[in-house]
Ligand code: SF4
């Protein structure tokens, strides 16, 4: 006889996030695996493509993805051998190498990003207020994980020294960016902002 399962809400939320993550990774990887790339190599490729003003080297990527520098070095060596990226030696310190995508790497990153567009298109039909509420929860959850040291280098508005809860918010304007001096709604909150200012602990609004 069928017995109804009693699964807690938090369990179902995490299970849902994991399944979305699986679909997301498979979509991103579909293009890149033809080139024999690992999921980490795809992530590096997309990071360098999305952050041209903040490329950095092996140590930054190690912090970004929470893996050892040796693991990043292996992935970078393979990407360089396949001519998806180049290592640029800094004249001021020849030990530091900055990583930059080649034209071939940019082209693959663009094709891979287009796969993500297919998932975005599937979200388009859902009501905006439900998506905003979901985004707010996810941002606060990610911020909590980051405060506890489980996530690094997110460069998210909620963790930024320029980010301020708004004392007297207008409709939908719960936050404020002190750098750009503009109110932020939940949909204005950014990932990977080039002006991100690290700080240790920021209360969520
Ligand atoms: S927009 Fe950039 S500078 Fe402003 S609060 Fe967000 S991360 Fe910080």
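Some values worked out for this structure:
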| item | result |
| --- | --- |
| Some residue of segment 60-69 being farther than 17 Å from residue 102 by Cα, in a loop (DSSP other than H, G, I, E, B) and free of Cβ contacts under 8 Å to residues at least 40 places away in the same chain | yes |
| Residue check, residue 108 surrounded by 15 or more Cβ atoms within 10 Å (Cβ to Cβ), at pLDDT 90 or above, away from the ligand (no atom under 13 Å from the Cβ) and in the same structural domain as residue 79 (by TED's automatic domain parsing) | yes |
| Candidates 135, 184, 179, 142, filtered to the one that is modelled with pLDDT of 85 or more, more than 25 Å from residue 24 (Cβ to Cβ) and within 15 Å of the ligand (Cβ to nearest atom) | 179 |
| Among (1) in a helix (DSSP H, G or I); (2) in the same structural domain as residue 61 (by TED's automatic domain parsing) - the single one residue 100 does not satisfy | (1) |
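The values are calculated or read from the model by the stated rules, or taken from the named source; none is laboratory data. Note that the structure is predicted; figures quoted are calculated from it, not measured. Note: ideal-geometry Cβ built from the backbone for every residue, glycine included; neighbour counts use all protein chains shown.
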